[in-house]
Amino acid sequence: MNVFRFLGDLSHLVAIVILLLKIWKTRSCSGISGRSQILFAIVFTTRYLDLFSNFISVYNTSMKIVYITCSYATVYLIYGKFKATYDFNHDTFRIEFLLVPSAILAFLVNHDFSPLEILWTFSIYLESVAILPQLFLVSKTGEAETITSHYLFALGSYRLLYLLNWLWRYFSQGFYDLIALLSGILQTVLYCDFFYLYISKVLKGKKLSLPA
């Protein structure tokens, strides 16, 4: 544990809370990609299959439970409780184009050819692109609500901080995980345009809009 990982976990938790509060308080999931949330639920499920067999710390176990529970709660709110407010017409990204390549790559490039390790690797690859349906939805509709922008910024910050965590571990401990590092770089790059627009518009009180 180092400051970058702790802040990354905190930023991730903030992103989840922002999203859930947005949906619950507005009683609407407008502007939220259910497909991205399905991918995140798959990510956390396949990554934390060792939840009860590999105890590291109370903090680690608690965060795993929070991520899994909140991801499925979000999917339920979107496709269940507030289904009438979900934008089926614009949330049309083909998630199989992300699932299949991630699965194939996990079989081909992993640290150990065992079921849990392959699923963990799959979750890393999938998480690096899981936000694409959300960014595609924002681009297709032309704009994002301020609260949705805050969610995306917090989520992007989490990935950036985790990338710094890997760099810190490399320079301080001589340890690195090439799969996690390269996936983190890819995911951070996907947020670059959004970061620029967020800082230049949302923080100045303007509504964020992305080119279609």
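The values are calculated or read from the model by the stated rules, or taken from the named source; none is laboratory data. Remember, predicted model here, so these are calculated numbers, not experimental data. For neighbour counting, all protein chains shown are included, and Cβ atoms are generated from backbone atoms with ideal geometry for every residue, glycine included. Surface accessibility is based on the protein's heavy atoms, side chains included, excluding ligands, DNA and RNA. Shrake-Rupley method; radii C 1.70, N 1.55, O 1.52, S 1.80 Å.
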Requested in this report: Order these peptides, 118-128, 78-88, 2-12, by their mean beta-carbon neighbour count within 10 angstrom, highest first.
Outcome: 118-128, 2-12, 78-88
Report task. Name all residues of region 65-99 having a backbone nitrogen under 18 Å from the label point set 7 Å from the Cα of Leu186 along its Cα→Cβ direction, giving them as ranges. Result -> 94-99
Query - Mean separation of Cα contacts under 8 Å, 6 or more apart, over the residue count of region 38-102: relative contact order % - result: 36 percent
Query raised in the report: If the limit is 23 Å between Cα atoms, which of Lys81/Lys140; Lys83/Lys140; Lys25/Lys64; Lys22/Lys83 go over it?
Result: Lys81/Lys140; Lys25/Lys64
Report summary line: In whole Hz, the Karplus estimates of ³J(HN,Hα) for region 52-67 (6.51, -1.76, 1.60; θ = phi - 60°; x where Gly or Pro) are 9, 10, 9, 7, 10, 6, 4, 4, 4, 5, 4, 5, 4, 5, 4, 4
**Report entry** Cα extents of region 2-61 along the three principal axes, largest first (Å)
**Finding:** 38, 26, 16
Report task. Quick one: order Thr26, Thr188 from most to least accessible surface, probe 1.4 Å. Result -> Thr26, Thr188
Query - trypsin sites (Lys or Arg not before Pro) within region 25-75, DSSP loop, no more than 15 other Cβ atoms inside 10 Å - result: Arg27
Query raised in the report: Using the scaling law 2.2 N^0.38 Å as the reference, what is the normalised Cα Rg of region 1-122?
Result: 1.18
Report summary line: For the chain (alpha-carbon point model, no solvent) the Debye-based log₁₀ I(q)/I(0) at q = 0.12, 0.14, 0.16, 0.17 Å⁻¹ works out to -0.63, -0.87, -1.15, -1.30
Query raised in the report: How high is the relative contact order of the chain, given as a whole-number percent (alpha carbon pairs under 8 Å, six or more residues apart)?
Result: 31 percent
Query raised in the report: Per the Kirkwood formula on distinct C-alpha pairs, the Rh of region 53-142 is how many angstrom?
Result: 15.5 Å
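Can you give the calculated 222 nm mean residue ellipticity of the chain, where each DSSP H run of n ≥ 4 adds -39,500 (n - 2.57) and the sum is split over every residue, rounded to the nearest 500 deg cm²/dmol?
So the helix-based figure for the chain works out to -23500 deg cm²/dmol.
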Query raised in the report: Tell me, what ³J(HN,Hα) does each residue in region 32-44 have, in order and in whole Hz, if you take phi through Karplus 6.51 cos²θ - 1.76 cosθ + 1.60 with θ = phi - 60° and put x for Gly and Pro?
Result: 9, 7, x, 5, 5, 5, 5, 4, 5, 5, 5, 4, 5
**Report entry** Centroid-to-centroid separation of region 132-186 and region 1-80 [C-alpha atoms, Å]
**Finding:** 14 Å
Requested in this report: Would you work out the charge dipole size for the chain about its Cα centre, treating the Cβ of every Lys and Arg as +1 and the Cβ of every Asp and Glu as -1, and quote it to the nearest 20 debye?
Outcome: 760 debye
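If you average the sequence gap of Cα pairs under 8 Å that are 6 or more apart and divide by the length of region 123-186, what percent do you get for the contact order?
This gives 45 percent for region 123-186.
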